[in-house]
Amino acid sequence: NAGVTQTPKFQVLKTGQSMTLQCAQDMNHNSMYWYRQDPGMGLRLIYYSASEGTTDKGEVPNGYNVSRLNKREFSLRLESAAPSQTSVYFCASITGPSGETQYFGPGTRLLVL
Amino acid sequence: GENVEQHPSTLSVQEGDSAVIKCTYSDSASNYFPWYKQELGKGPQLIIDIRSNVGEKKDQRIAVTLNKTAKHFSLHITETQPEDSAVYFCAASKGYSSASKIIFGSGTRLSIRP
């Protein structure tokens, strides 16, 4: 199993450009999550998908959209990137009998100029 | 809403000594407390977790304690080794039905001095 994979690993954008961050998991997990990680602020939830076909806002959803393409894939889109969106983005999925253990991807480092 | 405070933000210990990281949470309904280790350039990885019906849990050199009354929980690493150097995050949640609300602390950068 590859676990949780993310592409790209690193991206530089200019203000106003758009891009989609891709995430896929091969563990047959139902729930998937997008977080951003900024220095000194831990991980903050952007959007999550409790199951295929559903998505909900997290703590910091403004400026982002998501698509749960199928059970495996959960993408994050920036329609018009802003410097404030410079961050490291992590995708995660949940497993376990009580569904609480999160597995994280390796992250996408995004720089918006 | 739920808030998780984590201290210290940085910690340096001599190899072989113990390291302790502390977290407090605000929502008394929280019942699941995982700890994650994040190595440079990688995503966080679960190292240990504890549920509210347990006061302490141990796994080899790492242990976690929970004080529900005081709403704080701690990570203890004994006999520290160079490979323990990483950023550690605590988190709190109300369980699977509220999996969306896993709240993370701000992280502790642990450095092990040789």
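The values are calculated or read from the model by the stated rules, or taken from the named source; none is laboratory data. None of these values were measured; they are calculated from a predicted model. Cβ: placed from backbone, ideal geometry, glycine included. Neighbour counts: every protein chain shown.
When each of A:MET27, A:MET41 is tested for being more than 13 Å from chain B (Cβ to nearest Cβ) and either more than 16 Å from A:THR108 (Cα to Cα) or in a loop (DSSP other than H, G, I, E, B) (or both), the lone residue that passes is A:MET27. Residue-level analysis places A:SER93 among those that are within 26 Å of B:ARG51 (Cα to Cα), of a type in the set (Gly, Ala, Ser) and touching a Cys at 6+ places or on another chain (Cβ under 9 Å). Here B:SER93, B:SER74, B:SER98 are screened, and the one residue that is in contact with a strand residue (DSSP E or B) (Cβ under 7 Å, 6 or more places away or on another chain) and modelled with pLDDT under 95 is B:SER93.
Restricting A:TYR33, A:TYR103 to residues that are under 11 Å from the mean Cα position of the chain (by Cα) and assigned to a strand (DSSP E or B) narrows the list to A:TYR33.
In this structure, B:LEU11 qualifies as among the hydrophobic types (A, V, I, L, M, F, W, C), at pLDDT 95 or above and either farther than 11 Å from B:PHE73 by Cβ or in contact with a strand residue (DSSP E or B) (Cβ under 9 Å, 6 or more places away or on another chain) (or both). Meeting the requirement of 3 or more residues that are at the interface with another protein chain (Cβ under 10 Å from one of its Cβ atoms), among the basic types (Lys, Arg) and on the phi > 0 side of the Ramachandran plot, no strands (runs of 3 or more DSSP E) wholly within segment B:1-107 can be named. Based on what the data block shows, is A:GLU52 more than 11 Å from the chain's Cα centre (by Cα) and either under 21 Å from B:GLY105 (Cβ atoms) or aliphatic (A, V, I, L, M) (or both)? Here the answer is no, as A:GLU52 does not meet what is asked. Taken over segment A:55-94, the criterion of being surrounded by fewer than 15 Cβ atoms within 10 Å (Cβ to Cβ) and either assigned to a loop (DSSP other than H, G, I, E, B) or more than 11 Å from the chain's Cα centre (by Cα) (or both) is satisfied by A:ASP56, A:LYS57, A:ASN62, A:GLY63, A:LEU69, A:ASN70, A:GLU79, A:SER80, A:ALA82, A:PRO83, A:SER84.
Within segment A:46-70, restricting attention to residues that are of a type in the set (A, V, I, L, M, F, W, C) and out of contact with any Pro (no Cβ under 9 Å at 6 or more places or on another chain), the residue that is nearest to A:ALA82 (Cα to Cα) is A:VAL60.
The listed residues are A:GLN11, A:GLN17, A:GLN22, and the only one of them that is over 18 Å from B:GLN38 (Cα atoms), not in a strand (DSSP E or B) and not acidic (Asp, Glu) turns out to be A:GLN17.
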